[in-house]
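Just below is one structure, and these are the notes that go with it.
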Amino acid sequence: MTNLLSDPDNADYVAKAQAFTEDYSKNVDNIEGLWIGTWETKCLAHTNPGTVGMVTRPKDKVPEKLKELQDAMLEAGDGVYNIGMIISPATGKQIVSMYKALYNSSNEPIGFVGLGIYTDQLVNTLNSLSIKGIENSSYSMVNVKDGRYVFNDDAELIDKASENSKIRSLCEKYAGTKTSEDGNFEYKKSGTKYVSIYSYIPQYGWLLMLDDTRKEVYSLTYSLRIYMTIFAAVIVGLMLVFGIINRKQEKVSQKLASTIVKNNKTKESLYTAMFKDVLTDVSNRISFSMDVDEMKAKGAKPQYFAMFNIAEFSQVNSKLGNDTGDWLLVRTVEVLKQNFKGSKIYRTGSDEFVVISNADSTSKDAFMKSVNEAFTTLTSKQTTPVGKHTFKFKAAVVKKNKDFNTSVVAVLKDMLNNFSGSVNYEELDRS
């Protein structure tokens with residue numbers, strides 16, 4: 001990438017970058033675009049080739065936006081800058097946007113890699129939630145760092161600072177906080193009183209809120225006040241009303257508690273949609289890239305990387321059915337977990353999995369023993385939902401002592417292409 005950014009007019013570099021970008025994007029769900037841009041945000045390669053050449057933040061039109069992005073990437077250093085949810089300049093749709101700056105040999109910024117994930121899955125999840133009694137409720141989300149909306153049912157408010165004093169106060173309270181917390185508050189807008197139930201998500205610095213009118217939330221309480229007035233003169237009636245009050249107030253409390261639980265589930269769904277493979281419940285390719293970057297930023301220690309590939313996986317689906325294919329993917333993860341306890345497991349492609357294990361705490365012989373045992377189990381005859389079958393697998397292992405990046409996947413794939421029936425091992429650097 002540094003060659004491309006240093007010489008962006010080189011047609012050979014551009015073609016290779018575009019081919020890599022399109023190939024990488026195939027295995028990422030809900031992707032809006034993976035792209036490489038110059039430091040001035042000119043797109044050089046993109047998942048959608050039609051976007052190549054676009055300048056997303058023109059310096060002569062929106063200099064403040066360009067500088068804001070550049071400063072944020074520089075502040076993130078060698079890490080990933082998660083801008084949160086925005087309206088994509090390329091597609092006009094809402095996405096979760098992440099950036100990582102790239103530097104030359106003099107440690108000067110020369111460009112960046114950007115990734116956009118559509119929020120459609122999150123939006124659909126939020127819109128599908130129906131809580132009896134507060135059907136007119138609405139969701140919103142604010143970044144506590146700057147108080148700006150990252151999600152709102154009013155699209156015009158997205159990326160604008162909240163004017164609600166209670167929300168601004170919560171942003172000041174939670175900015176930089178590392179623990180989650182739930183709560184509620186009341187406020188008034190256009191003469192109407194509202195109740196807001198919130199959940200703070202520390203991983204991203206977001207405040208997720210559900211708002212509804214105070215009248216609807218406390219509609220049961222209003223009804224009880226009417227009952228109290230009617231039977232105020234009758235002692236027996238008052239006793240009955242107090243009993244009703246207690247029961248219905250419990251329902252109100254249960255309603256609020258149920259809403260908070262649903263918010264927590266929504267929070268979990270957001271994390272799963274972005275960083276987890278839903279079928280096998282292991283981390284996905286995005287998590288793999290971010291974890292490798294984090295290890296490098298912290299001062300990488302020697303690691304083993306093992307790749308397991310289900311050979312001819314498309315034929316499994318076509319001959320035995322997609323349900324059997326899904327069973328085989330889940331079974332593969334089960335076997336890897338049994339043999340690599342304490343290691344990180346990722347699904348990096350439709351039919352490939354990568355295991356990362358600390359080489360300082362595990363010898364080569366011990367690690368290769370685990371690899372060979374897992375390989376033997378996976379290639380043995382297995383009882384599937386459609387009978388006993390044997391499946392083909394390929395496996396390769398590399399040891400990397402330093403300079404981590406996701407190119408290790410390409411090395412493993414090259415080794416799999418030359419697979420001879422036994423697990424290959426290669427040490428990429430020895431210092």
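For the reader, a short list of remarks on this structure follows.
- Failed item, numbered, when S357 is tested on (1) assigned to a strand (DSSP E or B); (2) under 23 Å from S283 (Cα atoms); (3) touching a residue at least 60 places away in the same chain (Cβ under 8 Å); (4) not β-branched (V, I, T): (3)
- Among residues of segment 409-425 that are among the aromatic types (F, W, Y), those with a Cβ under 7 angstrom from a residue that is open to solvent by 20 Å² or more (accessible area, probe 1.4 Å) and in a helix (DSSP H, G or I), sequence gap 6+ or separate chain, pair up as Y425/M368.
- The lone criterion from (1) open to solvent by 20 Å² or more (accessible area, probe 1.4 Å); (2) not in a loop (DSSP other than H, G, I, E, B) left unmet by A306 is number (1).
- Residues of segment 318-340 include none that is without any contact (Cβ under 8 Å) to a residue 12 or more places away in the chain, open to solvent by 20 Å² or more (accessible area, probe 1.4 Å) and outside any helix (DSSP H, G or I).
- Criterion (open to solvent by less than 50 Å² (accessible area, probe 1.4 Å), within 19 Å of S140 (Cβ to Cβ) and at pLDDT 65 or above) met by exactly one of Y198, Y194: Y198
- Just so you know, in segment 360-379 the residues that are in contact (Cβ under 8 Å) with a residue 12 or more places away in the chain and not in a helix (DSSP H, G or I) include one that is surrounded by the most Cβ atoms within 10 Å (Cβ to Cβ), and it is T362.
- Positions within segment 1-59 being open to solvent by 40 Å² or more (accessible area, probe 1.4 Å), touching a residue at least 40 places away in the same chain (Cβ under 8 Å), within 22 Å of S289 (Cβ to Cβ) and part of a helix (DSSP H, G or I), in sequence order: T2
- Considering residues of segment 12-52 that are acidic (D, E) and touching a Lys or Arg at 6+ places or on another chain (Cβ under 7 Å) only, the residue farthest from G114 (Cα to Cα): E40
The values are calculated or read from the model by the stated rules, or taken from the named source; none is laboratory data. Owing to the predicted nature of the structure, the values given are computational and were not obtained by experimental measurement. Note that each Cβ is placed from the backbone with ideal geometry, even for glycine, and that neighbours are counted across all protein chains shown. Side chains included, ligands, DNA and RNA excluded: accessible areas come from the protein's heavy atoms. Shrake-Rupley method; radii C 1.70, N 1.55, O 1.52, S 1.80 Å.
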